[in-house]
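The values are calculated or read from the model by the stated rules, or taken from the named source; none is laboratory data. As the structure is a computational prediction, the values presented were derived from the model and not from experiment. Using ideal geometry, Cβ is built from the backbone for each residue, glycine included, and neighbour counts are taken over all protein chains shown.
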Amino acid sequence: MSAVQATQLLAMLTGLGCVLMISFVLERKLRRDKREFVSQTSRGRLREALLAGDQDVIRTAAACACDDAQRQVDFAVTASGTVDELTEADRARLHDTVTRIGLVDSLIEQLRHRNPVKRGRAAFLIGELRVPKASELLPPLLADPDPDVRLVACAELGGIGTQAAALSLISGLMAGDVAPERIIERLGGAWAVPSLVSALEDPELARSLAPGDDEPSERWRPAVARALGVAADPRAELALARMLDSPHTEERVAAARSLGPSGTEASVAVLIKALGDPAWEVRAQAAKSLSAHPEQRAVPALEERLSDDAWWVRSNAADTLATIGTEGVTALKRALSHSDRYASERARETLALHRLVEA
Amino acid sequence: MTDVIHQLLRDFNIFMLGYFVVLDSVFVLLVAIGWRAVNEYVARRPFRDYRKVGESELSMPVSILVPAYNEGPVIVSSVRSLLTSQFGELEVVVINDGSTDDTLTSLMEAFDLVRVDRVPRANLPCEPISAVYVSSSDHRIVVLDKANGGKADSLNAGIRYARYPLFCAIDADTMLDPGALARLVWEFQASPSTVAVGGIVRVVNGSEVDGDGRLVQVKTPRGMLVNLQIVEYLRAFLGGRIGWSRLGMLLIISGAFGLFRRDVVVEAGGYDTTTVGEDAELVLRLHRHQRDRKRKCRITFFPDPICWTEAPADFKTFVRQRDRWQRGLIEMMARHHGMLGRKRYGGVGLVALPYFIFFEVLGPIFEVLGYAACIAGVLVGAISYPFALVILGFSVFFGLLISFSVLLMEERAFRRYPDWQDLRRLIVAAFVENLGYRQLNTLIRVRAWWTLFHAEGWGEMTRVGLEEAEPVEA
């Protein structure tokens, strides 16, 4: 082969390769543009149909979603939020339509698929459609080998928001397959409060929720208390106040923390008492929670905590004093000349940070 | 004598052909693995609730560390931009590294800083810190004022005073996508053995940015040098790091954007202040530290969180940046050569390090010698013209294949450049990148060897500006 021939051949091959590669890129862009357009249009149309109860459009979309991954995602994303806006009757009609067309059975089958992406997507759609059987179908997925599937099951059970879902999530908390924080953030709603309180106060119920035959470990209780705090519901106040007497520090910390958002003025007395807890973590949380109920009667106890051994207790006490109006600010100003240097420094910083006096 | 030279040239050219075959095969393999990972990510993305991670008060809180040296004009908008991140609990720790401009004054005026008394939470070496300030208008802003010590030293100071279990190291002139932190934190929450996560860094030049430092519209610029870097960044991040990450052998996390577990970094000794590549060095040290203690060590790359940074638009700055990156890489490999080939370090010691030493550290020298030997071989008749073309063509063709593959990946998964004009520019850049730019880059990287021994001295502390980003080699 001559040099010229070799050059020509190489140039030709490279040129051909380049044309092919550019074509691929352009084709991908065109296809993606088209898919996005179709997806957007179908989501809009489906949302309108869901709200108007147009069963024909829903039926077509559900039929497509049985085995088309993109349509399944479109259906789930559209259902997300929209289904909750429907009346009970409209929702029942929707469930009837998607069941008749075979979507629910198809999704149930996909929950057992060996591909975790399929399982996750199916759990996502089942949850967003608020299928009545979801409370039974999703709990086993909390122990799925794939972390994404476990998390989507947890999220959807939180979205369903029934007592059965709440109990499943508490059971998941005891099993420990999902990080407690992920379950707590899903349980943190008013809908879950009765179940959470029952689980805390009824040992029989707690035993029935524990996985296997073993007694549930006590580690789930602080998590439930945290969830009650996230729910910020006064119905939890009594149970949380009782928890402050627990022999376990973690439980007392969680209860003191949650009494901030979930407590009422009635909690102030127990929180003031908690300022004298032997564990500094409890004192720090109690000081912080008192800022949610700024009452003058807490001032003396908080002022005393300005010279606490623990930095966090001093810091939280000072911040809370700054929120209690004139009495609190006066206490902070008094602390400027405190014999304990740490107390005076804390007071000075807090007054400056809250723009109550110049630093 | 002539015969010996001919034989040497022939042998070296055959070696170079083999070199390119292996190098390009590794690249193709990494791109293939990257494709698989991106496809899986795209499939899982719809049911991953990143929004909740950003909203939840139970998500792992993050301290964002912003080292600032003479960043007066940009620091206030940069902090404001960071505070708009869609992430619940964060603090922004600005470390004023002995700036000689109005960096500290600007911060004090903009955020009503109040001097406070804080006790450091970790014992890491750093230059003396003269004052700690907290904003009275937004308590999430903390400012450390310290003597000049360089970027690594500033980051160590920031880690000492950071409150939260995760810290994100970023450059003062970079911008984060609002949802970026939530997505990175998700990785830590999904897998407790995660020690560090890197995110993709993209080039902001040409895009529209508003007064608060927020990105309004992504566009490619007109200048070819920046477009070449855009393709190069895509190639490095989508084509290289995803692949290495998937194999559990990621060695580089961008200094412009990475999230780390604070306790592990403190235990490992923080950033090394005596190297110019402190970001990459830290990652390698974390691998070593964790594996020496027989702990699980997940250091991964997440393709979707985005940090936007400005790439050098002029040739002089570009050369300086690349020179520094290459020196950082050489230093990093020299310091951790003890990990090389050691079974204890798994894939990092057995595969990634040998690859980096052979193809990234020594590679530029081989390549330059290879091009020279190829030309000399043809001129003296030691090798045939077609054989020389095969060597050259092989290198160019696979380069093009990889560049176009990452453009495809970008279109498939992320579509950050939705305009046709941007795509056209990137396609042109993908060509030019393989027909001159890469070769030029190789020359700059060879020059870095010279700089290392002649200009700076081995291991000598180099004071660098804080405006530059990080190595982007695969």
| query | Do we have A:GLU185 as closer than 22 Å to B:VAL42 by Cβ and within 13 Å of chain B (Cβ to nearest Cβ) here? | reply | no
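Here is a yes/no grid of residues against (1) without any contact (Cβ under 8 Å) to a residue 12 or more places away in the chain; (2) more than 14 Å from chain A (Cβ to nearest Cβ); (3) in contact with a strand residue (DSSP E or B) (Cβ under 7 Å, 6 or more places away or on another chain):
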position	(1), (2), (3)
B:VAL114	no, no, yes
B:VAL119	yes, no, no
B:VAL134	no, no, yes
B:ILE141	no, no, yes
B:LEU155	no, yes, yes
| query | Restricting attention to region A:106-128, and to residues there that are within 14 Å of chain B (Cβ to nearest Cβ) and of a type in the set (D, E, K, R), which single residue is nearest to A:ALA76 (Cα to Cα)? | reply | A:GLU128
| query | Counting just the residues of region A:153-162 that are away from every other protein chain (no Cβ under 12 Å) and at pLDDT below 95, which one comes out farthest from the chain's Cα centre (by Cα)? | reply | A:THR162
| Does region B:447-460 include one or more residues that are small (Gly, Ala, Ser) and either modelled with pLDDT of 85 or more or in a helix (DSSP H, G or I) (or both)? | yes
| request: Scan region B:110-136 residue by residue and report those that are of a type in the set (A, V, I, L, M) and in a loop (DSSP other than H, G, I, E, B). | output: B:VAL119, B:ALA122, B:LEU124
| note | Within region A:129-152, restricting to residues that are aliphatic (A, V, I, L, M) and within 12 Å of chain B (Cβ to nearest Cβ), the one that is farthest from A:VAL98 (Cα to Cα) is A:LEU151
| request: State whether the residues of region B:124-131 include one that is buried (at least 20 other Cβ atoms within 10 Å of the Cβ), in contact (Cβ under 8 Å) with a residue 12 or more places away in the chain and either touching a strand residue (DSSP E or B) at 6+ places or on another chain (Cβ under 6 Å) or within 14 Å of chain A (Cβ to nearest Cβ) (or both). | output: no
| query | Can you name the residue in region B:190-229 that is away from chain A (no Cβ under 14 Å) and small (Gly, Ala, Ser) and, of all such residues, is farthest from B:ILE253 (Cα to Cα)? | reply | B:GLY211
| said: On the basis of being in a helix (DSSP H, G or I) and under 30 Å from B:ARG214 (Cα atoms), does B:ARG344 make the cut? | reply: no
| remark: In region A:338-357, residues that are assigned to a helix (DSSP H, G or I), facing chain B (nearest Cβ under 9 Å) and under 36 Å from the mean Cα position of the chain (by Cα) total 4
| message | Here is a check on your reading of the model: is B:ILE200 at negative phi, buried (at least 24 other Cβ atoms within 10 Å of the Cβ) and not in a helix (DSSP H, G or I)? | response | yes
| note | Taking region B:362-393 and keeping only residues that are of a type in the set (Ser, Thr, Tyr) and in a helix (DSSP H, G or I), one is left with B:TYR371, B:TYR385
| field | Of the criteria (1) in contact with a helix residue (DSSP H, G or I) (Cβ under 9 Å, 6 or more places away or on another chain); (2) more than 14 Å from chain A (Cβ to nearest Cβ); (3) outside any helix (DSSP H, G or I), which one B:LEU107 fails | value | (3)
| task | State whether the residues of region B:341-349 include one that is buried (at least 20 other Cβ atoms within 10 Å of the Cβ), more than 27 Å from B:TRP35 (Cβ to Cβ) and either in contact with a Ser or Thr (Cβ under 7 Å, 6 or more places away or on another chain) or among the charged types (D, E, K, R) (or both). | result | no
| field | Count of region A:1-37 residues which are more than 7 Å from chain B (Cβ to nearest Cβ), in a helix (DSSP H, G or I) and more than 15 Å from B:TRP420 (Cα to Cα) | value | 14
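A quick yes/no check of all residues on (1) touching a helix residue (DSSP H, G or I) at 6+ places or on another chain (Cβ under 7 Å); (2) in a helix (DSSP H, G or I); (3) under 25 Å from B:ARG241 (Cβ atoms); (4) more than 12 Å from chain A (Cβ to nearest Cβ):
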residue: B:ALA32; (1), (2), (3), (4): no, yes, yes, yes
residue: B:ALA37; (1), (2), (3), (4): yes, yes, yes, yes
residue: B:ALA43; (1), (2), (3), (4): yes, yes, yes, no
residue: B:LEU58; (1), (2), (3), (4): yes, no, no, no
residue: B:ILE64; (1), (2), (3), (4): yes, no, yes, yes
residue: B:PRO67; (1), (2), (3), (4): yes, no, yes, yes
residue: B:PRO73; (1), (2), (3), (4): no, yes, no, yes
residue: B:VAL76; (1), (2), (3), (4): yes, yes, no, yes
| task | Please give the number of the condition B:ARG416 fails out of (1) in contact (Cβ under 8 Å) with a residue 24 or more places away in the chain; (2) outside any helix (DSSP H, G or I); (3) under 17 Å from A:PHE24 (Cβ atoms); (4) of a type outside the set (Phe, Trp, Tyr). | result | (3)
| field | B:TYR355 vs. criteria modelled with pLDDT under 90, assigned to a helix (DSSP H, G or I) and under 25 Å from B:PHE15 (Cβ atoms) | value | no
| query | Of B:PHE12, B:PHE87, which residue is away from chain A (no Cβ under 13 Å), in contact (Cβ under 8 Å) with a residue 24 or more places away in the chain, within 30 Å of A:ALA227 (Cβ to Cβ) and of a type in the set (Phe, Trp, Tyr)? | reply | B:PHE87
